[in-house]
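K.L.:
Before I ask anything, here is the structure I am working with.
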C-alpha cells in the first residue's frame, strides 16, 4: 500500500482568491501522478496526468506541478470561482495500473 | 475515454440485508475496478473485476462480503452482503483506459452509489 497524503483536508476561500493544495507520495518507484476533481453526485473527473519530474500542466485557471524526487505535487487554482467548489483527489499510480488515492482536499469557494 | 453509469445512485438499507450495485460502461474495457470511500477516508480499492474469472480482492476485502460479477467487457456488479452501519460509504466503479494512444492510462469513474445502512 502506498501512503498518499493531501493537505489541507478542507479549504474555504473567497471568490477571486487564488489557492493551492498539496499531494505527497513516496518517491520510490514512481510511475505517474493523477489529479481528479470530484463534485458531489458526479463522477470524479480527470484533470491531469503527470509523469516527469518538473512537469507543469495547465487547464484554464487550474495548474499543477510535480516533483518526483521529493515526492510532492501542487495544484493551483487562480481566481477561484464558486463552480470550482469540489473535492480534489490525487492518486499515485504504479506500473500494473494500481492507483493509490489520497483523502482529498475539499474546496469551498464563497461567492 | 469511457462513460460509466451506476445504479442505484443512492440507497438506504437495513442492517443484515444485501445490496447489488450495477456498473455499465459505454465501451468494451479490459479492466474494471470497485472502490469505496468511507467518511473521511481515501478512495480504497476493493477489487479488480475480471471478465470470465473470479475478482481479485485487495487485502481486507473478501468475496463472501463483496461478491463481484463481470459477465462481459461492459458490465459489472458489486454486492454488499449482510450489511452493517460500517458499510455506509460511497461505492464507485471505474475502468482503465487512455484518451488517446499516446496517453498514460487513466481511471474513468462512475458517479458513485451513496449507501447508508441503518
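K.L.:
Given the conditions (1) more than 11 Å from the chain's Cα centre (by Cα); (2) in a loop (DSSP other than H, G, I, E, B), and given that residue B:107 satisfies all but one, which numbered condition is not satisfied?
P.N.:
Of everything listed in (1) more than 11 Å from the chain's Cα centre (by Cα); (2) in a loop (DSSP other than H, G, I, E, B), residue B:107 misses just condition (2).
K.L.:
Does residue A:64 meet the test of being closer than 23 Å to residue B:113 by Cα and without any contact (Cβ under 8 Å) to a residue 40 or more places away in the chain? Walk me through how you get there before you give the answer.
P.N.:
Details: closer than 23 Å to residue B:113 by Cα: no; without any contact (Cβ under 8 Å) to a residue 40 or more places away in the chain: yes.
Judged against the criteria, residue A:64 is not a match.
K.L.:
For the structure I just gave you, tell me whether residue B:72 is over 11 Å from the mean Cα position of the chain (by Cα) and farther than 21 Å from residue B:97 by Cα. Walk me through it before giving the result.
P.N.:
Numbers: over 11 Å from the mean Cα position of the chain (by Cα): yes; farther than 21 Å from residue B:97 by Cα: no.
No, not satisfied.
K.L.:
Okay, next question. Restricting the search to the stretch B:76-93, which residues are farther than 17 Å from residue B:62 by Cβ and surrounded by fewer than 16 Cβ atoms within 10 Å (Cβ to Cβ)? Explain how you work it out, then say what you get.
P.N.:
Let us first name the residues in the stretch B:76-93 that are farther than 17 Å from residue B:62 by Cβ, namely B:76, B:85, B:88, B:90, B:92-93.
The one that is farther than 17 Å from residue B:62 by Cβ and surrounded by fewer than 16 Cβ atoms within 10 Å (Cβ to Cβ): B:85.
K.L.:
A follow-up question, please. Would you be able to say whether some residue in the stretch B:15-30 is without any contact (Cβ under 8 Å) to a residue 40 or more places away in the chain, under 27 Å from residue A:87 (Cα atoms) and either over 10 Å from the mean Cα position of the chain (by Cα) or more than 14 Å from every other protein chain (Cβ to nearest Cβ) (or both)? Even if it seems obvious, please write down each step before you answer.
P.N.:
Filtering the stretch B:15-30 for residues without any contact (Cβ under 8 Å) to a residue 40 or more places away in the chain gives none.
No, the conditions are met nowhere in the stretch B:15-30.
Readers should treat all values here as calculations from the given coordinates under stated rules, not as data from a laboratory. Predicted, not measured: the structure shown is a model, and the values here were computed from it. Ideal geometry is used to build each Cβ from the backbone, glycine not excepted, and the neighbour counts take in all protein chains shown.
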